[in-house]
């Protein structure tokens, strides 16, 4: 059995293989050998905080069925990199193409409904960017709009609910939107901004494991799932996109990350360019 001594804690093949299997089963995340140092770096802090002596003790804690620590383990390993209006062309397409199309589809009495899902919303920049885009559209003034924002990581979800960011994180937000949708901190909060309550009012932040059951039924007209499936193997990806297709409305839109594609993964979507897909009916 190979034993690896990093800077402080013993981390054996047995330890790594147990953690990778556990995370793979629980969250669908594929941790190959190339992620070994990342796993050590991310979990060493947990071991230190828990005052354990090595990874074996930490794995024993996980084996005991400690659900709270399992969530903490997943939170530590998952990477959350996001920003406001990341991949700006997605939001431009949403405003200029998707919303006008949706308006033409509503012919019945009563207010029209729009349901959007931000799957893997991280610390909230994506759903807030979606909502700013929707709020700026006069076409949706009387629409019944709701945005579901989900993530596996409970820590980033809490930050998303709070809606507090550094000013430099608003680099891609226009000055008009900054003035309209953010409150500016002063004194002890200098250099920070907070999302205005009205921008939060139609966003519902929920913890959700994409590998588990989905309590919502849809249909959603739009799903954003960007830079999430890169952590899954092809089998999990196929399952996930099948479920997305089932919960999307006819001809619904799917936005994925810049390094992702559905080639060889799903035939239920057709590409319309620049990591934007549409459900095939």
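Here, each number is a calculation from the coordinates, and none is a lab measurement. Quantities reported herein were computed from a predicted structural model and do not represent experimental measurements. Every residue, glycine as well, gets a Cβ built from its backbone with ideal geometry; the counts of neighbours run over all protein chains shown.
Per 0.36 nm of contour for each residue apart, how much would the distance between residue 162 and residue 246 grow if the chain were fully extended, relative to their Cα-Cα spacing?
Gain on stretching residue 162 to residue 246: 27.1 nm.
Which one of 78, 107, 150 has the biggest mean-square fluctuation once the chain is modelled by GNM with Cα springs under 10 Å?
Highest fluctuation among the options: 107.
Starting at 0 and stepping by 5 Å, how many percent of the alpha carbon pairs of the stretch 88-279 end up in each bin?
The percentages, shortest bin first, are 1, 7, 16, 19, 20, 16, 11, 6, 2, 1, 0.
Can you give me the relative contact order of the stretch 88-279 as a percent, contacts being Cα pairs under 8 Å and 6 or more apart?
20 percent
Kindly rank 123-132, 138-147 from highest to lowest mean number of other beta carbons found within 10 Å of each residue.
Highest-to-lowest ranking by the protection proxy: 123-132, 138-147.
If you count the DSSP beta bridges with both ends in the chain, what percent of them are antiparallel, to the nearest 5? Mind showing how you got there, number by number?
Values: 15 of 35 bridges.
About 45 percent, rounded to the nearest 5.
I need the peptides 9-21, 166-178, 210-222 ranked by packing, meaning the mean over residues of other C-beta atoms within 10 angstrom, with the highest value on top.
On the way: 9-21: 17.7, 166-178: 13.2, 210-222: 15.0.
Output ranking for 9-21, 166-178, 210-222: 9-21, 210-222, 166-178.
Against the longest principal axis of the chain, how steep is helix 125-135, in degrees 0 to 90 to the nearest 10, with axes from Cα atoms?
The angle comes out near 10 degrees.
Restricting to DSSP H runs of at least four residues, report the calculated mean residue ellipticity at 222 nm for the chain, -39500 (n - 2.57) per run over all residues, nearest 500 deg cm²/dmol.
The per-residue figure over the chain is -11000 deg cm²/dmol.
On average, how much area does the Cα convex hull of the stretch 3-77 cover when viewed from any direction, in nm²?
Here the figure is 4.3 nm², rounded to one decimal.
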